[in-house]
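So the structure is just underneath, and the comments pick up after that.
The values are calculated or read from the model by the stated rules, or taken from the named source; none is laboratory data. What you see is a predicted model; the values in this text were computed from it and never measured. Ideal geometry is used to build each Cβ from the backbone, glycine not excepted, and the neighbour counts take in all protein chains shown.
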Amino acid sequence: MKRNLKHSKKVLIWTFTWLISFAILVIGPKEFWENITITIIAALVNFILIIAMLFANKNQFDEFDEFEKTVQLNAIALSLFLTIFVGLFFTGVYQSGLIKYEPQIHHLIVFSSLTYIFSTIFIFKKYQ
């Protein structure tokens, strides 16, 4: 349990660091600087943090027992499937003119995150 907590803290720290880096990358060129070199550096730092976050998640996953791995893989698969097809559906409905509200990437990210959280909870409860 202590190992899982240790890895969870690392994942949290890397994810939070990436989130700050992403905010700087998106907001910085519009609000703080006009220099393309600084923007390129911010993009490179953001990409490096994505890789670091990937390894932190992999290390956490490697420490899971079989039950935890099963729950996580099922939740990830369900989340990925729903994100792709709901995103495609939303885009298709918009392009067909049935809705006027243009789909944005942040809508898909929120949907994907919530799907992953709730599917993890649901699948965990299912196996208990």
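Applying the condition of being under 30 Å from D62 (Cα atoms) and of a type in the set (A, V, I, L, M) to region 11-41 and asking which residue is surrounded by the most Cβ atoms within 10 Å (Cβ to Cβ) yields V11. If you check T91 against the conditions, is it more than 24 Å from I123 (Cβ to Cβ), surrounded by 15 or more Cβ atoms within 10 Å (Cβ to Cβ) and modelled with pLDDT under 95? Answer is no for this residue. Scanning region 98-110 for residues that are in a helix (DSSP H, G or I), among the aliphatic types (A, V, I, L, M) and touching a Phe, Trp or Tyr at 6+ places or on another chain (Cβ under 9 Å) turns up just one, L108. State whether the residues of region 111-127 include one that is part of a helix (DSSP H, G or I), under 20 Å from H7 (Cα atoms) and of a type in the set (D, E, K, R). Checked region 111-127: no residue is part of a helix (DSSP H, G or I), under 20 Å from H7 (Cα atoms) and of a type in the set (D, E, K, R). For region 92-128, a residue qualifies if it is of a type in the set (F, W, Y) and farther than 15 Å from L73 by Cα, and the qualifying residues are Y94, Y101, F111.
The residues on offer are L108, L54, L80, and the sole one that is in the same structural domain as T15 (by TED's automatic domain parsing), under 27 Å from I13 (Cα atoms) and under 14 Å from the mean Cα position of the chain (by Cα) is L54.
Within the set F61, F89, the sole residue that is in contact with a helix residue (DSSP H, G or I) (Cβ under 9 Å, 6 or more places away or on another chain) and of a type in the set (F, W, Y) turns out to be F61.
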